[in-house]
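Asker: Take this structure, written in structure tokens, and hold onto it; I'll ask about it next.
The values are calculated or read from the model by the stated rules, or taken from the named source; none is laboratory data. Computed from a predicted model, the values in this text were never measured in an experiment. No Cβ is skipped: glycine too gets one built from the backbone with ideal geometry, and neighbour counts run over all protein chains shown. What goes into the accessible areas is simple: the full protein's heavy atoms, side chains included, and nothing from ligands, DNA or RNA. Shrake-Rupley method; radii C 1.70, N 1.55, O 1.52, S 1.80 Å.
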Amino acid sequence: MTGGPKLVSILRQGAYLIASVHTALDDSQMVRFRDDLVEQIGRHRSRGVIIDVAALDVLDSFGARTLRTIGELARLRGAVTVIVGIQPDVAFAIVSLGMSTGSLVTALDLEEGLALLDHGVGAGRSTLPDRRRPRR
Amino acid sequence: MTSLIPMVRRIIAARVDDAALAEDLVQETLTRVLAAASRVETGMLEPYAIVTARNVIASLWREQDRHRRNQHRVVDLCPSDAPDADLLAREEQEAVSLALSRLSDRERRLLLAHEVTGQDTRSLAGELGSTAGAVAAQLNRSRARLRVEYLLALDRTEPPTERCRPVLLALSGGDRRRQREVDAGRHLLECDVCARLSEPLLARGQNRDGEVCIPIRSDGDIVAARQAARELASRLGFSRTDLTLIATAVSEVARNIVRFAGSGEVVVSLLERPRRGVHVVARDTGPGIADVEQAMVDGYSTYSGLGLGLPGARRLMDEFAVASEIGRGTTVTMTKWRDQR
Ligand SMILES: [Zn+2]
């Protein structure tokens with residue numbers, strides 16, 4: 001991503017990569033983010049990836065699908081992906097859209113995400129945690 | 001408009017001695033101001049009238065001056081001083097007369113009596129055996145027609161289709177219900193002539209409260225559309241969750257435009273009746289959807305793996321409809337109510 005304030009930052013922390021999305025991304029920016037991240041996973045031989053999406057006010061079908069794709073691509077390269085910071089109303093919209101979030105591992109925040117990775121996420125949660133699902 | 005008359009008279013009387021000539025110039029000024037009223041922002045009519053009055057006098061002087069100079073010549077070999085300005089003024093004037101001639105006698109008399117002579121609606125109603133309200137409504141319709149005919153005359157265009165005039169009229173009159181009836185938005189996407197001509201008509205209604213129109217051409221516009229929808233809907237006090245549902249639904253239908261049609265627009269408006277709510281229209285002039293029923297089935301898609309767009313958006317909103325015609329395009333209409341009945 002070039003020019004202007006950074007839309008996304010990807011930081012390396014040991015065997016993990018921590019990616020934070022700072023603002024709404026359009027589809028092409030989302031795709032570029034996906035490619036950057038997957039490339040860095042390979043380059044750093046990362047074992048785990050955390051994607052912080054707390055700044056996103058919308059995750060539509062394309063956004064949610066792209067996150068899912070990142071998770072699958074990362075898995076094929078030996079890394080586990082945890083999505084953190086999904087806002088309650090965003091989570092509700094994803095569910096209402098009818099998106100399958102089956103393969104997305106999520107956590108409340110960065111701390112919990114790191115804890116999940118440390119405990120080997122194989123057995124981690126694979127759906128949106130109940131307490132994060134807002135009531136209408 | 002009527003309040004401008006004394007001012008215009010003063011400006012012209014101060015510069016032109018001949019009373020009959022001055023009155024002609026007053027009439028000409030007012031006719032021009034009337035014709036241009038559609039292009040002038042509210043509150044700017046007075047300065048516009050001043051400028052017009054001065055231009056009318058200036059062109060008269062130029063005319064007299066040229067006449068005087070030319071009296072010495074047998075043949076005038078010189079081009080006029082400001083050919084462009086003169087030409088423009090003449091074209092504008094001709095457009096006004098042509099536009100006026102396209103109104104019915106009754107419409108023309110009424111309009112001129114009110115706008116130029118300054119007769120008020122009540123006294124006009126008395127003469128016509130009508131009510132002041134009916135006269136005012138008639139005046140509005142006539143003004144709307146005059147604006148349309150003026151623009152057509154100025155452009156030297158005859159509208160290419162039967163639908164053009166009704167659409168332009170609905171836009172000119174700012175009549176939202178009528179605009180929906182004639183599907184003005186779609187016609188503007190399809191008809192180059194109306195798209196060009198309606199710009200000054202629409203410019204008046206821009207920034208209308210409670211409505212935004214976002215042209216959709218690229219990925220970035222999808223984000224712009226959903227942000228605009230969220231912002232507008234927040235004025236009705238929707239919950240954060242509902243705002244996110246609305247923004248997400250707009251994102252889906254806007255993406256549909258980019259992926260399937262290439263370009264189109266999303267119009268978001270606030271509804272007061274029958275209940276408060278937010279209304280979204282997404283339209284394009286793309287290839288259209290052959291089988292709308294099929295397109296509404298989850299997982300169906302003609303482009304790579306993104307089958308959730310329309311069915312997903314439907315689930316997020318309270319009302320949802322798709323109209324599509326092969327070769328003409330697709331219109332998605334959806335509503336979210338603020339108050340559940
Ligand atoms: Zn037309």
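Asker: How many Å² of accessible surface get buried when B and A come together, counting both sides, probe radius 1.4 Å, rounded to the nearest 100?
Answerer: Chain pair B/A: roughly 2000 Å² of buried accessible area.
Asker: How many nm separate the modelled label positions at B:SER101 and B:ARG141, each set 7 Å beyond the Cα in the direction of the Cβ?
Answerer: 2.4
Asker: Here's a follow-up. Heavy-atom accessible area of B:ARG54 with all protein chains present, probe 1.4 Å, nearest 10 Å²?
Answerer: My reading of the accessible area for B:ARG54 is about 130 Å².
Asker: Once phi is turned into θ = phi - 60°, what whole-Hz ³J(HN,Hα) does the Karplus curve with 6.51, -1.76 and 1.60 give for every residue of the range A:93-106, x standing for Gly and Pro?
Answerer: Values, residue by residue: 5, 4, 5, 5, 4, x, 5, 7, 10, x, 8, 8, 8, 10 Hz.
Asker: Moving on. Can you pull the Rg over Rh of the range B:94-213, Cα-only, Kirkwood? Mind dumping the intermediate values first?
Answerer: Working: Rg = 15.3 Å, Rh = 15.3 Å.
Rounded to two decimals, Rg over Rh is 1.00.
Asker: When every alpha-carbon pair in the range B:211-337 is counted, what percent end up more than 25 Å apart? Don't skip to the answer; put the middle values down first.
Answerer: Working: 1367 of 8001 pairs.
The answer is 17 percent, as a whole percent.
Asker: In whole Å, how far is the Cα centre of the range B:173-191 from that of the range B:115-153?
Answerer: The two parts, judged by their Cα centres, are 23 Å apart.
Asker: Please give me, ordered by residue number, the trypsin sites (Lys or Arg not before Pro) of the range B:108-161 that lie in loop per DSSP and have at most 10 other Cβ atoms within 10 Å.
Answerer: Numbers: sites: B:ARG108, B:ARG109, B:ARG122, B:ARG141, B:ARG143, B:ARG145, B:ARG147, B:ARG156; in loops: B:ARG156.
Passing sites in the range B:108-161 are B:ARG156.
Asker: Counting only protein heavy atoms, probe 1.4 Å: which residues of the range A:83-116 lose 10 Å² or more of accessible surface in the full assembly compared with their chain by itself?
Answerer: Buried on complex formation: A:GLN87, A:ASP89, A:PHE92, A:ALA93, A:SER96, A:LEU97, A:GLY98, A:MET99.
Asker: What residues of the range B:211-235 lose no less than 20 Å² of accessible area with every protein chain in place versus their chain by itself (probe 1.4 Å, heavy atoms only)?
Answerer: When all protein chains are present, B:ASP219, B:VAL223, B:ARG226, B:GLN227, B:ARG230 each give up 20 Å² or more of accessible surface.
Asker: Could you tell me how far the Cα centroid of the range A:33-108 sits from the Cα centroid of the range B:206-278, in Å?
Answerer: 25
Asker: Also, quick follow-up: Given R₀ = 41 Å, FRET efficiency for A:LEU108-B:SER218 by Cβ-Cβ distance, to 0.05? Display every interim value, and only then the final one.
Answerer: Working: r = 35 Å, r/R0 = 0.85.
Computed FRET efficiency for A:LEU108 and B:SER218: 0.75.
Asker: Next question, about the same structure. What number do you get for the range A:8-113 when its Cα radius of gyration is normalised by 2.2 N^0.38 Å, N = residues? All intermediate terms of the calculation are to be shown ahead of the outcome.
Answerer: On the way: Rg = 12.6 Å, N = 106, 2.2 N^0.38 = 12.9 Å.
My calculation over the Cα atoms of the range A:8-113 gives 0.97.
Asker: Points 7 angstrom from Cα along the Cβ direction at B:SER239 and A:HIS44: gap in nanometres?
Answerer: That separation, rounded to one decimal, is 3.9 nm.
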